Amino acid sequence: MSFTAKPGFCVVSLLDKAEFLGSFDRASLSWENKPTREEEGAMQTPATEIDQMIVQLNEFILPSSLMESFDVYREESVKSAARCFNDAQLSWFLDMLNRFRGPDDRKDSLVDIFDPGMYTCDHPAWEAAPGTRIEMPALTSEVARLVDRNSEFDEIAKEEINEFRDHAETYADDEILGLAQIAASALVDQGRIFHGRKDAIRYLALNASAVLEDLWATDDTLWKNAPVRHIQFDDMVAKRKADLLKVESTHPNFEERDFACYSEDEIRRFAFDIRSLFLTDHAEGRKSSVDPLSMIPGEEEKITVLSGERFQKR
């Protein structure tokens with residue numbers, strides 16, 4: 001029987017579809033045939049490239065509320081904490097955590113799994129102006145220290161820790177400790193230090209648990225009774241503005257021939273909806289994209305290019 005892999009196919013997605021086969025030994029899988037970065041790029045479909053470009057464009061959007069500023073800070077903190085791992089390792093972490101959470105509570109990223117906003121409802125920060133200080137409820141790992149022994153929360157917590165320990169058994173200590181540091185960054189648990197594998201597993205299990213999230217949705221009394229967190233973080237609006245100015249000053253200008261395949265009406269339309277540029281037939285296979293800051297109707301000479309390299313998977 002022959003089998004043809006579709007673009008974007010990976011071992012993780014295959015294992016996701018084969019969960020009924022039981023647990024698998026990650027350590028036994030070989031990466032000898034893993035495609036190179038160049039081969040991965042060639043396998044990408046236009047739709048995948050568009051998604052990546054939109055993600056990059058989202059990085060140019062200035063936060064418009066306190067919660068958006070906080071989320072931008074979280075995302076950048078996670079990127080910094082994750083630098084010591086490659087894409088394959090991060091994919092395995094996400095896959096392992098989603099298996100722990102269960103098929104009905106999967107998340108698309110580590111930032112989403114460790115989201116302190118998960119334990120809030122109608123948080124006023126969504127309506128507040130961008131700032132650098134926010135109040136968030138206590139982390140579930142801290143609530144666990146305050147609950148009574150043999151309570152419903154305590155029993156669930158013990159079960160979740162034991163289950164997560166089983167999921168994490170094929171990972172080395174430095175991987176678990178690194179993942180815990182990523183989680184702390186996403187949760188903005190500033191200054192958190194982990195004292196060994198056992199401490200990291202407890203932290204990851206409690207703060208990633210979908211079962212405890214369901215318990216909070218049923219009765220949030222324990223979280224409300226725990227001390228709130230007062231979090232100070234960087235001014236992300238100022239940082240984004242500085243980043244935008246840096247990008248604008250370091251990329252070369254478009255030349256007229258770069259727009260030979262576009263009509264004047266199309267160029268003007270791109271100025272109001274940059275994503276439409278990537279949805280045209282002309283954009284397929286292009287090596288560059290348009291800087292949304294400089295796309296001003298009637299001022300085509302100010303159009304600049306963003307290097308296509310910025311849109312490649314890291």
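The values are calculated or read from the model by the stated rules, or taken from the named source; none is laboratory data. Predicted model, so just to flag it, every value in this text is computed and none were measured. Virtual Cβ from ideal backbone geometry, glycine too; neighbours counted across all protein chains shown.
Some values worked out for this structure:
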| quantity | calculated |
| --- | --- |
| Of residues in region 203-212 being in contact with a Lys or Arg (Cβ under 9 Å, 6 or more places away or on another chain) and more than 11 Å from Phe153 (Cβ to Cβ), the one surrounded by the most Cβ atoms within 10 Å (Cβ to Cβ) | Tyr203 |
| Considering residues of region 119-144 that are modelled with pLDDT under 95 and surrounded by fewer than 16 Cβ atoms within 10 Å (Cβ to Cβ) only, the residue farthest from Ala208 (Cα to Cα) | Ala129 |
| Pick from region 217-247, criterion more than 26 Å from Ser141 (Cβ to Cβ) and in contact with a Ser or Thr (Cβ under 7 Å, 6 or more places away or on another chain), ranking: surrounded by the fewest Cβ atoms within 10 Å (Cβ to Cβ) | Asp235 |
| Members of region 119-166 found to be under 14 Å from Arg229 (Cα atoms), outside any helix (DSSP H, G or I) and either among the aliphatic types (A, V, I, L, M) or in contact with a Pro (Cβ under 6 Å, 6 or more places away or on another chain) (or both), listed by number | Ile134, Met136, Ala138, Leu139 |
| Residue in region 213-220 that is more than 17 Å from Arg101 (Cβ to Cβ), touching a residue at least 40 places away in the same chain (Cβ under 8 Å) and not aromatic (Phe, Trp, Tyr) present | yes |
| Residue match in region 102-121 (condition: closer than 14 Å to Leu179 by Cα and basic (Lys, Arg)) | no |
| Residue satisfying condition, being under 30 Å from Leu66 (Cβ atoms) and not hydrophobic (A, V, I, L, M, F, W, C), within set Thr120, Thr170 | Thr120 |
| Any pair with Cβ under 7 angstrom, 6 or more apart, that starts in region 112-131 at a residue that is without any contact (Cβ under 8 Å) to a residue 24 or more places away in the chain and ends at one that is in a loop (DSSP other than H, G, I, E, B) | Thr120/Pro137 |
| Leu179, sole failed condition from (1) within 28 Å of Asp166 (Cα to Cα); (2) at pLDDT below 95 | (2) |
| Residue match in region 167-190 (condition: buried (at least 20 other Cβ atoms within 10 Å of the Cβ), assigned to a helix (DSSP H, G or I) and hydroxyl-bearing (Ser, Thr, Tyr)) | yes |
| Looking only at region 84-141, and only at residues there that are within 14 Å of the chain's Cα centre (by Cα) and of a type in the set (Asp, Glu), the one that is nearest to Trp216 (Cα to Cα) | Asp115 |
| Qualifying residues in region 64-82 (those that are outside any helix (DSSP H, G or I) and at pLDDT below 95) - the one farthest from Asp243 (Cα to Cα) | Ser65 |
| Tally, over region 136-175, of residues that are touching a residue at least 12 places away in the same chain (Cβ under 8 Å) and closer than 17 Å to His195 by Cβ | 9 |
| Identity of the residue in region 66-83, basic (Lys, Arg) and either under 13 Å from Gln181 (Cβ atoms) or not assigned by TED's automatic domain parsing to the domain that holds Leu179 (or both), that ends up nearest to the chain's Cα centre (by Cα) | Lys79 |
